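Everything on this sheet refers to the single structure shown next.
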Amino acid sequence: MNNFSLNESSIAYEDDYLLIIDKPAGMLVHPTVNEWGCTLYDYVTEYYARKNITANIHPVSRLDRHTSGLVIFAKEPIIQHWLSQQQMDKEYLAIVTGELPSDEGIIEAPIARKEGSIIERCVDEKGKYAKTSYKLLSKRNGLSLVQLKLFTGRTHQIRVHMAYINHPLCGDKLYGIKDNFESLCLKFVRIKFVHPRTLKEFEYK
């Protein structure tokens with residue numbers, strides 16, 4: 001990700017209170033002990049310094065390393081708090097293996113951490129409630145383009161749920177099957193919520 005730059009092409013939206021970034025696949029949102037300097041948080045820090053922005057960096061939404069799309073940062077802690085209290089409308093696009101048996105459906109299956117793993121999740125009756133809806137947009141050559149909506153926010157929820165119904169995401173090396181896709185075919189494309197300052201409905205897509 002050394003060629004990534006936080007600029008007009010990667011910034012989806014910005015005002016005095018919010019910064020929404022289109023994150024590429026393969027990038028961590030936050031630094032870790034073993035990886036820092038090239039995470040999205042690091043790029044936001046550099047962007048603030050370059051633009052002389054004195055606001056703080058408060059994460060509102062997170063994405064897995066391998067998922068691309070919208071990540072929201074609040075510039076004030078109260079904005080972060082207000083947004084965290086909302087049930088945001090979130091929509092993703094994904095390419096999954098196989099042709100779905102129906103044009104749309106709802107998956108309600110509890111998700112838990114897989115025993116013996118700190119990363120992998122699975123459907124487990126002892127897990128936390130999780131709900132995902134899908135809508136088929138097109139299908140071709142044994143693959144399906146689907147629109148997905150999250151009603152809950154469990155770790156790896158879309159990946160786990162689609163694998164659970166035997167249509168794992170293309171490029172998913174953890175829950176999927178071996179294929180020729182180099183990256184996970186999942187992108188966070190639309191979000192809708194009430195802006196905490198204007199109190200008006202805000203939507204980016």
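The values are calculated or read from the model by the stated rules, or taken from the named source; none is laboratory data. Keep in mind it's a predicted model, so treat the numbers as computed, not measured. Don't worry about glycine lacking a Cβ; one is built from the backbone with ideal geometry, like all the others, and counts go over all protein chains shown. The area values use the complete protein model at the heavy-atom level, side chains included, leaving out ligands, DNA and RNA. Shrake-Rupley method; radii C 1.70, N 1.55, O 1.52, S 1.80 Å.
So the values come out like this:
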| item | result |
| --- | --- |
| Candidate set from segment 118-149 (those that are small (Gly, Ala, Ser) and part of a strand (DSSP E or B)); member that is farthest from Gly98 (Cα to Cα) | Ser133 |
| Residues satisfying the stated conditions in segment 150-205, i.e. buried (at least 18 other Cβ atoms within 10 Å of the Cβ), assigned to a helix (DSSP H, G or I) and not charged (D, E, K, R) | Gln157, Ile158, Val160, His161, Met162, Ala163 |
| Enumeration of residues in segment 101-133 that are surrounded by 15 or more Cβ atoms within 10 Å (Cβ to Cβ), of a type in the set (A, V, I, L, M, F, W, C) and touching a residue at least 24 places away in the same chain (Cβ under 8 Å) | Ile107, Ala109, Ile111, Cys122, Val123, Ala130 |
| Residue in segment 137-145 that is in contact with a Lys or Arg (Cβ under 9 Å, 6 or more places away or on another chain) and either of a type outside the set (Lys, Arg) or over 24 Å from Ile21 (Cα atoms) (or both) present | yes |
| Subset of segment 8-34 that is of a type in the set (S, T, N, Q) and open to solvent by 60 Å² or more (accessible area, probe 1.4 Å) - its residue that is farthest from Glu203 (Cα to Cα) | Asn34 |
| Criterion violated by Gln80 - all others in (1) closer than 22 Å to Ile119 by Cα; (2) buried (at least 19 other Cβ atoms within 10 Å of the Cβ); (3) in contact with a strand residue (DSSP E or B) (Cβ under 7 Å, 6 or more places away or on another chain) satisfied | (1) |
| Checklist (1) open to solvent by less than 30 Å² (accessible area, probe 1.4 Å); (2) on the phi > 0 side of the Ramachandran plot applied to Gly37, failing item | (1) |
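Yes/no matrix, rows are residues, columns are (1) under 13 Å from the mean Cα position of the chain (by Cα); (2) without any contact (Cβ under 8 Å) to a residue 24 or more places away in the chain; (3) on the phi > 0 side of the Ramachandran plot:
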{"position": "Ile57", "(1), (2), (3)": "no, yes, no"}
{"position": "Ser61", "(1), (2), (3)": "yes, no, no"}
{"position": "Arg65", "(1), (2), (3)": "yes, no, no"}
{"position": "Ile72", "(1), (2), (3)": "yes, no, no"}
{"position": "Lys75", "(1), (2), (3)": "no, no, no"}
{"position": "Glu99", "(1), (2), (3)": "no, no, no"}
